[in-house]
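K.L.:
After the C-alpha cells below, expect a handful of questions from me.
The values are calculated or read from the model by the stated rules, or taken from the named source; none is laboratory data. Every value quoted in this text rests on a predicted model; they were computed, and no experiment measured them. Note that each Cβ is placed from the backbone with ideal geometry, even for glycine, and that neighbours are counted across all protein chains shown.
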Amino acid sequence: MDHRELESYFRSLDRSFFLEDDMKSYACLDQPLPIGHGQTISQPSLVLEMTRLLSPEKDSRVLEIGTGSGFQTALLAKMSAQVYTVERIAELMEKAKKRLEALGFTNIFYKAGDGSMGWQEHAPFDRIMVTAAAGILPDELVGQLAPGGRMVIPVGPPSVQELKLITKSDDGSIHEESMGLVRFVELKGKYGWAE
Ligand code: SAM
C-alpha cells in the first residue's frame, strides 16, 4: 500500500460530509461521534491506523463489515479495487451509499444485512475490515479470507476489546496479533452479539 497516498486522501476527506447537521461542527474532533440509531462514526486517527494495518493493495477485493457513515468505506475504496460493504441498519446504509456515490465511487457494492456472516457469494476476500466488536473471532469471516489475506477486527467484551490483526498464510494457517485496546459498538448478528 502507498502510505503517502492514503494519508493525503485521508487529509483531503471532509469528515463533516459524513455527519448529520447537528454533528457537523464537531467533525474536526479526533473522537467518535453519533450517527443515529445508537451507532458512531469512528475516531479518525483510529480509522487511519486500522487502514494502515489492513494495508489494502490496488488490486485487493475488500469486505467491510459495519458501513456506518461510509467514512472508512471511502478510504478503503480509494486504496483498493473493490469494496463489498455490509451494514445491518438499512437507513445508515442508504445514507452512506448516497454520500459515497456523490464522491464518485463506482467500485463499492452495498448490502443491508447481517455482516457477521460475511458475504459468501463474493468470497474469498483479500482484506476484511470489521468496524464493530465481536465477542470471539467469527469462524465464518476467517473462512472467507483468501490465502495471503489480512483481517482487522476488534475482539472482546462490550466494555473494551483487543484490536486484532489476523493473517492467513498461503497454506491456510492463521496468525493472530494483538495491536492494542479499542472500544467499538457491538457486532450484532448470528456470529456476533444477540440482537
Ligand atoms: N466505520 C464506520 C464509519 O466510518 O462511520 C463506523 C462503524 S460503527 C463503529 C459500527 C457499525 O457496525 C454500525 O453502523 C453498526 O450498525 C454496524 N454493525 C453492527 N453489527 C453489524 C452486523 N452484524 N452486520 C453489519 N453491520 C453491523
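K.L.:
Among the residues of segment 110-127, what is the count of those that are touching a helix residue (DSSP H, G or I) at 6+ places or on another chain (Cβ under 6 Å) and within 25 Å of residue 48 (Cβ to Cβ)?
P.N.:
Within segment 110-127, the first condition is being touching a helix residue (DSSP H, G or I) at 6+ places or on another chain (Cβ under 6 Å), and the residues that meet it are 110, 112, 117-118, 127.
Subsequent filtering for residues that are within 25 Å of residue 48 (Cβ to Cβ) retains 110, 118, 127.
So the answer is 3.
K.L.:
Condition first: under 15 Å from the mean Cα position of the chain (by Cα) and within 14 Å of the ligand (Cβ to nearest atom). Now tell me which residues in segment 166-195 satisfy that.
P.N.:
Narrowing segment 166-195 to residues under 15 Å from the mean Cα position of the chain (by Cα): 166, 182-188.
Across segment 166-195, the qualifying residues are 182, 183, 184, 185, 186, 187, 188.
K.L.:
Only one of 163, 141 is at pLDDT 95 or above, within 14 Å of the ligand (Cβ to nearest atom) and in a helix (DSSP H, G or I). Can you tell me which? Break it down into steps so the answer makes sense when it comes.
P.N.:
Numbers: 163 fails: in a helix (DSSP H, G or I).
Going through 163, 141 in turn, the sole match is 141.
K.L.:
Within segment 74-93, is there a residue that is of a type in the set (Gly, Ala, Ser), outside any loop (DSSP other than H, G, I, E, B) and farther than 22 Å from residue 126 by Cα? Steps first, please.
P.N.:
Of all residues in segment 74-93, those of a type in the set (Gly, Ala, Ser) come to 74, 77, 80-81, 90.
Filter once more, so that each one left must be outside any loop (DSSP other than H, G, I, E, B): 74, 77, 90.
Applying the additional criterion that residues be farther than 22 Å from residue 126 by Cα yields 90.
Yes, that holds for at least one residue.
K.L.:
Could you grab me the full set of residues in segment 163-194 that are under 18 Å from residue 47 (Cβ atoms) and surrounded by 14 or more Cβ atoms within 10 Å (Cβ to Cβ)?
P.N.:
Matches in segment 163-194: 163, 164, 165, 179, 182, 183, 184, 185, 187.
K.L.:
Working only within segment 31-56, note down all residues that are touching a helix residue (DSSP H, G or I) at 6+ places or on another chain (Cβ under 6 Å) and closer than 22 Å to residue 81 by Cβ.
P.N.:
47, 48, 51, 56
K.L.:
So, one more: Counting only residues that are more than 13 Å from residue 128 (Cβ to Cβ), assigned to a helix (DSSP H, G or I) and within 13 Å of the ligand (Cβ to nearest atom), how many does segment 52-73 have? Can you show your working first?
P.N.:
Step one: of segment 52-73, the residues more than 13 Å from residue 128 (Cβ to Cβ) are 52, 57-59, 67-71, 73.
Applying the additional criterion that residues be assigned to a helix (DSSP H, G or I) yields 52, 71, 73.
Those left that are additionally within 13 Å of the ligand (Cβ to nearest atom): 71, 73.
Total satisfying the criteria: 2.
K.L.:
For segment 51-73: of the residues being buried (at least 23 other Cβ atoms within 10 Å of the Cβ) and hydrophobic (A, V, I, L, M, F, W, C), which is farthest from residue 123 (Cα to Cα)?
P.N.:
Here the answer is 71.
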